[in-house]
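The values are calculated or read from the model by the stated rules, or taken from the named source; none is laboratory data. Here the structure is a predicted model, which means the values were calculated and not measured. In this analysis, Cβ positions are derived from the backbone assuming ideal geometry, glycine residues included, and neighbour counts consider all displayed protein chains.
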């Protein structure tokens, strides 16, 4: 009879330990899931930030290119206005050269 009581207590102790182990495993699983979710959110935010930075750089570069193009056009107009005869002769010469080149 003493062995039966010891065996019952041992079985109950093992059952309790298994239950505790299951609970610990659930907690661990939830912690790992939360950690992975948090890391994914951080990574997504980091990627969005880098994309924003890249878009800003492209926008800035396009704005600089537009401004430089505008300045070049203004300088060209000013040069043509200051030297109309020379500008016409240069345009004629370029047109003649392109025409002769395109015949070949």
Exercise for the section: Might you let me know whether region 75-86 holds any residue that is surrounded by 10 or more Cβ atoms within 10 Å (Cβ to Cβ), outside any helix (DSSP H, G or I) and modelled with pLDDT of 90 or more? Expected result: yes
Completion exercise
Exactly one of 91, 40, 67 is modelled with pLDDT of 95 or more and surrounded by 10 or more Cβ atoms within 10 Å (Cβ to Cβ), and that one is 67
Practice task
Determine whether region 6-27 contains at least one residue that is over 30 Å from residue 91 (Cβ atoms), part of a helix (DSSP H, G or I) and within 35 Å of the chain's Cα centre (by Cα).
Solution key: yes
Exercise for the section: Determine, yes or no, whether residue 47 is part of a helix (DSSP H, G or I), under 48 Å from the mean Cα position of the chain (by Cα) and without any contact (Cβ under 8 Å) to a residue 24 or more places away in the chain. Expected result: yes
